[in-house]
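A short worksheet on the structure shown next.
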Amino acid sequence: MKTKKIITAGLVITTMSALLTSCIKKYDNPASGTLGEQINMVDFRQTYRGAELTITPDKIGGATKIQGVVISDKSGANIDANSMVIQQTYATPNTAYDITAGIVVKFNAANTFNLGDSVEISVTGSLLNRVNGSLTLSGVTADKVKVLATGRVPLNRNITLGMLGAQADMFESTLVSVHADASEYSATATLAGNKKLNDNTGTDAYLMTRTDAGFASTALPINAQFNGIAGFWNANGKDTAGAIKVIMPRNAGDIQFKSGALYAGFPESFEAPDISVKSSYNSGTNNVQLATGTWNLLQGILANTVLSDKFNQPGKQSIRMQQNLTTSGYTQMNFDLPNGASKVTVFYGKYATDAKSSFRLEYSTNGGTTWTVLGANVTDMPDKANKQMTWTLNITTPIRFRINKLGTGTSNNGRLCLDDFAVYQKL
């Protein structure tokens, strides 16, 4: 058996997604320029009102420049040769999440800027409009762009397709990552074209790869973590109305963690039953009938506190596990999945401003009689929002899983939030 794990950045989206945009500060670009000459990306995008706009300082609060990190990869050729996409992330004073926004930049000639370049763009005289669904700054010349730094690593937000469907405008032109089945998988299928993705969370989206991209002939996997730039594609118009939602991989390296298909009914979203059914951390048998089967929630409850519990939209509930215990708490499947497993994913984060905690994944192949630890303990708890953890394995027999929140006492043992627990069949 082989095991592997990865942690990447995630995001909790709530109804307060626009919270505090007026008092945000940049953290992914070096400081440059003078006070007032730059407009943040969120506000810049909001100046578009459905009609082409020629940018002048009076239309953007006296500003003349924007900043961002290049998230597109011209070497992968999955983008128009004259275009790039930049993204900017801001830290906010709230405890839930930071804010990220991006935009397509279209030059009058071939783009010469590289993935990871931190750039400042003088925008006066440029045009802001939607092009085939994407909000685009066009009419830009290379001399209007200043490279502030190179080799920057932009934020990559883990999402579900349900999250993308709920707030596609918020994810547009930013880097995202989603584990999903490729609905059109076959032994001969490649990445080229628009390939429908499905993760059982409730919306349609497509993996969009140009036929002339450098990796278009790569085999389409059954399931993978698809990284790329989220956006809209409207082949017959400029607006988002009638557009499809897409994720555009930048290069072959954006297709990771290939696995078997997602089990039917997963991810377990913990949306049902109502939180009143399990409102005590340790009561009775602690068994709860969830959508995927019966689970044992020892020292865990169903919870729905906005901003504090880290649940993914469009959902409204997640698991919250107790703090400061000296013994383990479990979120445990009481049933087997018949076709083994090749991958497991879960979103996790700390409750509100609690201390960090640690947990691990365990599995059983004998009906829960004994349990085997998979990988190392997870201790990298995000300060805000949530992250997604991915484990890979190779088990071909019936299997069940549990999250073991470690009982470390009062030291680094805050409450733990879990959401969208997914299991993927053997390859």
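Candidates are the residues of the range 214-271 that are surrounded by 15 or more Cβ atoms within 10 Å (Cβ to Cβ) and of a type in the set (S, T, Y); the one that is farthest from A180 (Cα to Cα) is T240.
Tallying residues that are part of a strand (DSSP E or B) and farther than 25 Å from Q313 by Cα within the range 260-289 yields 1.
Of the residues making up the range 19-62, those that are under 26 Å from Y97 (Cα atoms), among the hydrophobic types (A, V, I, L, M, F, W, C) and at pLDDT 95 or above are I39, M41, V42, F44, I60. Apart from one condition, T294 fits all of (1) outside any loop (DSSP other than H, G, I, E, B); (2) crowded, with 16+ Cβ neighbours inside 10 Å; the exception is (2).
On inspection, G202 qualifies as modelled with pLDDT under 95 and assigned to a loop (DSSP other than H, G, I, E, B). Within the range 299-313, one or more residues are more than 23 Å from the chain's Cα centre (by Cα), on the phi > 0 side of the Ramachandran plot and not in a strand (DSSP E or B). Is it true that some residue in the range 319-333 is crowded, with 21+ Cβ neighbours inside 10 Å, more than 23 Å from the chain's Cα centre (by Cα) and among the charged types (D, E, K, R)? Checked the range 319-333: no residue is crowded, with 21+ Cβ neighbours inside 10 Å, more than 23 Å from the chain's Cα centre (by Cα) and among the charged types (D, E, K, R). For the range 222-248, a residue qualifies if it is in contact with a Phe, Trp or Tyr (Cβ under 8 Å, 6 or more places away or on another chain), hydrophobic (A, V, I, L, M, F, W, C) and not in a loop (DSSP other than H, G, I, E, B), and the qualifying residues are A224, A230, W233, I244, V246, I247. Of everything in the range 137-166 that is in contact with a helix residue (DSSP H, G or I) (Cβ under 9 Å, 6 or more places away or on another chain) and within 21 Å of G349 (Cβ to Cβ), the residue that is surrounded by the most Cβ atoms within 10 Å (Cβ to Cβ) is I159.
Close Cβ contacts (under 9 Å, 6 or more residues apart or on different chains) running from residues in the range 72-89 that are assigned by TED's automatic domain parsing to the domain that holds S134 and of a type in the set (S, T, N, Q) to residues that are modelled with pLDDT under 95 and part of a loop (DSSP other than H, G, I, E, B) comprise Q87/D28; Q88/D28; Q88/N29; T89/Y27; T89/D28; T89/N29; T89/D98. With respect to T372, determine if the residue is in contact with a strand residue (DSSP E or B) (Cβ under 6 Å, 6 or more places away or on another chain) and surrounded by fewer than 20 Cβ atoms within 10 Å (Cβ to Cβ). So T372 passes the test. Inside the range 385-395, can you point out the residues that are over 13 Å from S259 (Cβ atoms) and surrounded by fewer than 18 Cβ atoms within 10 Å (Cβ to Cβ)? Answer for the range 385-395, where residues must be over 13 Å from S259 (Cβ atoms) and surrounded by fewer than 18 Cβ atoms within 10 Å (Cβ to Cβ): there is none.
Y351 meets the conditions (1) closer than 25 Å to A264 by Cα; (2) in contact with a Ser or Thr (Cβ under 8 Å, 6 or more places away or on another chain) in every case but one. The failed one is (1). Among residues of the range 48-103 being of a type in the set (F, W, Y) and over 19 Å from G231 (Cβ atoms), the one that is surrounded by the most Cβ atoms within 10 Å (Cβ to Cβ) is Y97. When S364 is tested against (1) closer than 26 Å to I222 by Cα; (2) surrounded by 20 or more Cβ atoms within 10 Å (Cβ to Cβ), exactly one condition is not met: (2). Checked against (1) modelled with pLDDT of 95 or more; (2) over 30 Å from M208 (Cβ atoms); (3) of a type outside the set (G, A, S), T3 passes all but a single condition, namely (1). Out of L290, L307, L302, which single residue is farther than 17 Å from N404 by Cβ and in contact with a helix residue (DSSP H, G or I) (Cβ under 6 Å, 6 or more places away or on another chain)? Going through L290, L307, L302 in turn, the sole match is L302.
Listed here are the residues, each with its yes/no results for (1) farther than 28 Å from D98 by Cα; (2) in contact with a Leu (Cβ under 7 Å, 6 or more places away or on another chain).
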{"position": "Q317", "(1), (2)": "no, yes"}
{"position": "Y363", "(1), (2)": "yes, yes"}
{"position": "T370", "(1), (2)": "yes, no"}
{"position": "P382", "(1), (2)": "no, no"}
{"position": "N404", "(1), (2)": "yes, no"}
{"position": "L418", "(1), (2)": "no, no"}
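For the range 98-107, the condition of being without any contact (Cβ under 8 Å) to a residue 40 or more places away in the chain, more than 22 Å from I244 (Cα to Cα) and not assigned by TED's automatic domain parsing to the domain that holds W233 holds for at least one residue. Does I55 meet the test of being touching a residue at least 24 places away in the same chain (Cβ under 8 Å), of a type in the set (A, V, I, L, M, F, W, C) and under 20 Å from A168 (Cβ atoms)? No. Those strands (runs of 3 or more DSSP E) of the range 319-385 in which 2 or more residues are of a type in the set (S, T, N, Q) and either within 25 Å of N287 (Cβ to Cβ) or modelled with pLDDT of 95 or more (or both) occupy 329-333, 341-350, 372-378.
The values are calculated or read from the model by the stated rules, or taken from the named source; none is laboratory data. Here the structure is a predicted model, which means the values were calculated and not measured. Neighbour counts run over all protein chains shown; Cβ positions are idealised from the backbone, glycine included.
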